[in-house]
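First up is the structure itself, then whatever we jot down about it.
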Amino acid sequence: MLKSLERVEKALRWIDQTRLPAVLEYKESEDYFEIIRAVKRLEIRGAPAIGIAAAYGIAVAVEKARVFEPGFIRRVGTQFKDARPTAVNLSWAVDRVLSRLDGDKAVESAAPLWEEAEAIHREDAEMCASIGTNGADLLNDGDTVLTHCNAGALATGGIGTALGVIYTCRNQGKTIAVYADETRPLLQGARLTIWELMHENIDVTLICDNTAGMLMRQRKIDAVIVGADRVARNGDVANKIGTYSLAVLARENNIPFYVAAPSSTFDNSIESGDQITIEERAPEEVTQGFGRRIAPEKVKVYSPAFDITPAGLVSRYITDTGLKDGGRSQ
Ligand code: MRU
């Protein structure tokens, strides 16, 4: 299985996901600013992966600067938290690393920070594996699943969440076919999910985002499985823009809508999705994504990166601790 990111001595190494599918390029850096930049540019992306990157990034910063004061370490943590606002895994992972600080006392070395980052990474891989096992019970041999964005190995420290379920089914001997939405505007589906599933020899078909409804109506989809960037206490889900529309279509067509996410994505500090900050991306990602202008100069653009799916549209949450009922009756 692909490793989207890993520690290499005092550096972080990651797959530059902006280069996929054309080139599988690894980058490596001992400079935490470069890691923050990689998170902002979506070289490293997906809620669990950006959390892991931030955790390692703090260790990288302290190792390189040889500054062991908690003030510096907390400032680095804040810089990581500010890189992307929606996925709670990012601030969760930063807070976990910062929990290794003891008040105003300087740390003796970066070792405890590396240790915490490695634990976060290892546990994420374990949570992905459990999500896979728990979710596989929901699918039957021969089923066809629709997924959105990329919630696979590229987005996590393990086998992925939504795609982890597919890999686990395959390992259990079930044949599952996948339709992947292209996921406008940055095409995480077309570029990343398709590439990742083909790499793993899973039967996958690329569709335009607006094809999903027709396929559901034709009864060609048995289940929709997506990942999440944050799940509020009431079960509302923030995930890649377009997820909400899929959930509405799934309910209309009586197709189960599953959200696969590790415990680190559940944010019990907020009551509902209304309190989730939705990241807005640069207009150029829409008007001239990947360098080609497709809309007139100076056009007004609104480009939220995520939307909120109300809990009432979710059939089940597939988590590392088990399956939880959503607000939909089936
Ligand atoms: O903007 P991205 O590519 O980071 O968005 C990613 C998603 O929306 C994923 O579905 C989510 O982070 C879950 S990844 C296991």
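Structure above, values below:
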item: P(r) tail fraction, segment 133-325 - alpha-carbon pairs more than 24 Å apart, %; result: 37 percent
item: Distance in nm between pseudo-label sites at K220 and E126 (7 Å out along the Cβ direction from Cα); result: 4.2 nm
item: Separation in nanometres of the label points that stand 7 Å from Cα toward Cβ, at N268 and K10; result: 4.0 nm
item: Per-selection Kirkwood Rh - segment 245-330 (Cα, Å, 1 d.p.); result: 15.5 Å
item: Size of electric dipole in segment 87-127: Cβ of Lys, Arg +1 and of Asp, Glu -1, about Cα centre, debye, nearest 20; result: 80 debye
item: Part-to-part distance (alpha-carbon centres) for segment 21-100 and segment 149-201, which is given in Å; result: 24 Å
item: Dimensionless Rg/Rh of segment 1-150 - Kirkwood Rh, Rg from C-alpha atoms; result: 1.02
item: Neighbourhood net charge (10 Å Cβ-Cβ; Lys/Arg +1, Asp/Glu -1) for P21; result: +1
item: Of every Cα-Cα pair in segment 138-205, the percent that sits beyond 16 Å; result: 38 percent
item: Assigned charges on the beta-carbon of Lys, Arg, Asp, Glu; the chain dipole about Cα centre (debye); result: 700 debye
item: Full-stretch length increase - R292, F33 - with 0.36 nm per residue and alpha-carbon distance subtracted; result: 90.4 nm
item: Using a Förster distance of 51 Å, the FRET efficiency for A106-A22 (Cβ separation, nearest 0.05); result: 0.65
item: Environment charge at I176 (Cβ cut-off 15 Å; Lys +1, Arg +1, Asp -1, Glu -1); result: -4
item: Value in Å of the Kirkwood radius, where the chain supplies the Cα pairs that are averaged; result: 19.9 Å
item: Bridge type composition, the chain - antiparallel percent by DSSP, nearest 5; result: 55 percent
item: Separation of the C208 and K3 label points, Cα + 7 Å toward Cβ, nm; result: 4.1 nm
item: Span-like helix ranges in the chain, DSSP H, alpha carbon extent 24 angstrom or more, Kyte mean at least 0.0; result: 47-65
item: Percentage relative contact order, the chain, counting C-alpha pairs under 8 Å, at least six apart; result: 16 percent
item: Filtered chymotrypsin sites (Phe, Trp or Tyr not before Pro), segment 237-330: DSSP coil and at most 14 other beta carbons within 10 Å; result: Y302
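Every number in this text was worked out from the coordinates using simple rules, so none of it is lab data. The shown structure was predicted, so the numbers you read here are calculated from the model rather than taken from an experiment. Note: ideal-geometry Cβ built from the backbone for every residue, glycine included; neighbour counts use all protein chains shown.
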